[in-house]
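Structure first, commentary second.
The values are calculated or read from the model by the stated rules, or taken from the named source; none is laboratory data. This is a predicted model, so every value here is computed, not measured. Note that we place each Cβ from the backbone using ideal geometry, even for glycine, and neighbour counts take in every protein chain shown.
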C-alpha cells in the first residue's frame with residue numbers, strides 16, 4: 001500500500017507539473033496541443049480528428065544538456081503573419097500566401113517554435129548557449145493514432161542518392177529495423193494526407209525515418225564524419241564516424257520538422273510549406289537567373305545520326321547540340337561527364353574547346369552548363385569557379401554526393417553561396433531532397449533525388465505508376481530533375497533495357513504530360529537532337545512549353561493512378577495529364593480560361609495499344625466553360641496548349 005501511495009503521489013506531482021499549450025491554424029481547422037513536463041510532446045488534430053498522437057521531441061548535447069525534457073516554460077510568445085511572397089523563380093505561381101500562427105515556448109537557454117498554417121504544421125528548436133556544442137542526438141517522433149497506410153521510400157543505407165520507390169505499406173507491415181528517406185507520405189483515410197519532410201537544413205544532417213514502436217516512426221540521422229576515403233567514380237565516403245551527429249554553434253536555429261496536412265491528393269500538388277518555412281533569399285540581385293530547358297547528352301550517349309562528323313564528347317558534337325537548342329528556343333546545353341580530366345575539373349580533354357563552344361552558343365542565344373563530380377570539384381572549388389566564369393559557363397550540374405550528413409550538407413551551402421558570387425545556376429544530382437533551396441538560393445533551380453528517366457538505361461522499375469506517384473511525394477518537397485523527354489516509347493510489358501539507346505515505359509504523351517506536371521525550372525530534353533529533329537509534331541509542344549508558372553490548378557489527382565494539371569504562363573494555359581497502370585477518361589471544364597481560344601492537344605493515338613509512340617495532334621476552338629474530353633491510355637498521357 002505504501003508503494004502504491006508513493007506511485008500515485010509521483011503521478012500526481014508529474015500531472016501537476018505538466019502544462020498544456022495550444023496553437024491553431026488561421027482557419028481553426030488544425031490544432032496543435034503541446035504538453036511540457038518530464039518530456040515535451042505535441043499532438044495534432046485536423047477538422048476535429050486526431051491525426052498525430054502525442055509525439056516527443058528533444059535534443060541531447062555533449063555537455064549533458066537535454067532540451068525538451070523537464071522543460072520549464074518561462075514565457076509564451078505568439079504571433080500571426082499574413083503576407084504575400086513573390087518568388088524569384090515562379091515554380092508553381094507568381095504569388096504565395098504566407099499565413100500562419102506561431103507559438104514560441106521560451107525556456108532557459110532555448111526556445112521551441114510551433115508554426116501552424118492552414119495546410120500544415122512545423123516545429124523547430126532555437127538554442128542560445130553562447131558556445132559551440134555537439135549534438136549527440138535529436139528525438140523526432142511521429143506517433144500515429146491508427147495503423148495508417150504509408151508510401152514508405154525505404155533505404156538500405158544512409159549513403160544514398162535518395163532515389164527510392166514509394167511502395168504502399170501499412171505502419172504495422174514495416175519492421176522495426178527498416179528506415180526510409182524523407183519526404184514520406186501517410187494516408188490517414190480515403191482523402192486526408194500527411195507529408196513529412198524538413199526545411200532549412202543548414203549545418204545539420206538530413207532526417208531519415210525509422211520504424212520504432214507500434215504505429216510510430218522516429219528520426220534517424222547520419223553521424224558526423226571524422227575520416228573519409230576517396231573511391232573509384234570520383235566519390236568520397238566516411239571510413240570513421242563520431243558518436244554525435246553535428247557540431248554546432250551554441251546560438252542557432254535548427255531545421256524545421258514539417259508535416260503537411262492535405263485534404264486530398266490534389267492539395268499536395270499546390271502545397272508550398274517547405275518553401276515558406278525556408279529563410280528569405282540571401283542575395284539581393286537575381287536578375288541574372290534564367291530558368292529554361294536544357295538539351296542533355298548523357299541519357300542519349302551523344303549518339304547522333306545523319307551527320308558528317310564523328311559523334312562523341314567533342315566540339316563538333318556540342319555545336320550540333322547548340323544548333324538544335326537554338327532551332328527550338330532551348331536556353332541551355334549541358335555538357336555531362338567526360339569533358340574534363342577525371343580528377344582536374346579545370347582542364348578539358350583535348351577533343352573539347354570550351355571557349356569556342358561558349359562563343360558559338362552566344363551567337364545563337366544558347367548558354368552552357370557543365371557537369372562535375374563533387375569530390376574533384378570541391379578540391380579545386382575556388383579555382384574551378386574562376387575558370388568557368390572566365391570561359392563564360394552559366395551553370396553547374398554537381399553529382400555523386402550520395403550523402404546528407406552534416407559535412408556534405410555544408411558542401412551544398414558552400415556551393416550555393418559561391419555560385420551566387422559568380423552568377424551561376426546550380427543543379428544538384430546524386431542529391432538529397434530539396435529543403436527550401438528555391439527560396440534561400442533561387443539560382444539553385446533544380447535537383448535530382450528522384451528515380452527518373454535515366455533508370456530506363458539499366459532497369460524497368462520506373463513505371464507509369466511510379467511516375468504518377470512522384471508529384472505527390474518527392475515533388476512536394478521542391479523541383480525535381482526527372483529529365484523527361486524520351487522519344488523511344490514502349491509499354492511496360494514490352495520494355496527492354498538498352499543502355500545507350502534507352503526506351504521509356506509509357507506512351508509518347510505520357511512523356512509530354514511530364515513537362516506540365518513535373519516542376520523543374522531547369523527542365524531537360526533527354527533524348528538525342530537527331531531524334532527530336534524527326535519528331536516535328538512533338539517539338540511543336542516541347543519547344544514552346546515553359547518551365548515557370550504564374551498559376552497552377554489541379555484538375556484531377558489520385559496518388560499513383562492519375563493526374564491532370566493546368567498551369568498558366570502569362571495568358572497561355574498548358575494542360576498536362578498522366579496515368580499509371582490503367583487508362584482514364586475525364587471531362588474537364590475550361591472554366592479557368594477567358595474568352596475564346598485555340599486549343600491544340602497531343603493525345604494518345606488510336607493505335608497506341610499497338611505502339612506506345614502513337615499520338616494525335618488536334619486543334620479546335622474553345623471558350624470559357626466548354627468541356628473537353630481527356631482520354632489517356634494505360635501508362636498514357638495528354639498535353640495541350642490553350643492560347
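Descriptive notes on the structure:
- Residues satisfying the stated conditions in the stretch 287-309, i.e. touching a residue at least 12 places away in the same chain (Cβ under 8 Å) and over 24 Å from residue 488 (Cα atoms): 288, 289, 290, 291
- Test: residue in the stretch 587-595 that is farther than 20 Å from residue 463 by Cβ, out of contact with any strand residue (DSSP E or B) (no Cβ under 9 Å at 6 or more places or on another chain) and in contact (Cβ under 8 Å) with a residue 40 or more places away in the chain: no
- Checking 442, 502, 464, 521 one by one, the residue that is over 28 Å from residue 303 (Cβ atoms), at pLDDT 95 or above and not assigned by TED's automatic domain parsing to the domain that holds residue 257 is 442 and no other.
- Residue within the stretch 262-283 that is in a strand (DSSP E or B), within 30 Å of residue 104 (Cα to Cα), modelled with pLDDT of 95 or more and within 24 Å of the chain's Cα centre (by Cα) present: yes
- Some residue of the stretch 341-349 being modelled with pLDDT of 95 or more, touching a strand residue (DSSP E or B) at 6+ places or on another chain (Cβ under 8 Å), under 25 Å from residue 161 (Cβ atoms) and buried (at least 22 other Cβ atoms within 10 Å of the Cβ): yes
- From 536, 492, residue being touching a residue at least 12 places away in the same chain (Cβ under 8 Å) and surrounded by fewer than 17 Cβ atoms within 10 Å (Cβ to Cβ): 492
- Among residues of the stretch 414-440, those that are crowded, with 24+ Cβ neighbours inside 10 Å and under 15 Å from residue 477 (Cβ atoms), counted: 10
- Residues in the stretch 61-88 that are part of a loop (DSSP other than H, G, I, E, B), surrounded by fewer than 10 Cβ atoms within 10 Å (Cβ to Cβ) and either touching a strand residue (DSSP E or B) at 6+ places or on another chain (Cβ under 9 Å) or in contact (Cβ under 8 Å) with a residue 60 or more places away in the chain (or both): 1 in all.
- For residue 642, the conditions (1) over 28 Å from residue 505 (Cβ atoms); (2) surrounded by fewer than 20 Cβ atoms within 10 Å (Cβ to Cβ) all hold with the exception of (2).
- Residue match in the stretch 148-159 (condition: without any contact (Cβ under 8 Å) to a residue 12 or more places away in the chain, more than 18 Å from the chain's Cα centre (by Cα) and either part of a loop (DSSP other than H, G, I, E, B) or crowded, with 18+ Cβ neighbours inside 10 Å (or both)): yes
- For the stretch 543-559, the candidate set comprises residues that are in contact with a helix residue (DSSP H, G or I) (Cβ under 7 Å, 6 or more places away or on another chain) and outside any loop (DSSP other than H, G, I, E, B); within that set, the residue that is nearest to residue 324 (Cα to Cα) is 552.
- Against the conditions (1) in a strand (DSSP E or B); (2) in contact with a helix residue (DSSP H, G or I) (Cβ under 6 Å, 6 or more places away or on another chain), residue 239 satisfies every one except (2).
- Answer from 311, 384 - the residue that is touching a helix residue (DSSP H, G or I) at 6+ places or on another chain (Cβ under 8 Å) and within 30 Å of residue 229 (Cα to Cα): 384
- Meets criteria (under 20 Å from residue 388 (Cα atoms) and surrounded by fewer than 17 Cβ atoms within 10 Å (Cβ to Cβ)) for residue 338: yes
- If you go through the stretch 560-570 and pick out every residue that is part of a loop (DSSP other than H, G, I, E, B) and in contact with a helix residue (DSSP H, G or I) (Cβ under 9 Å, 6 or more places away or on another chain), you end up with 2.
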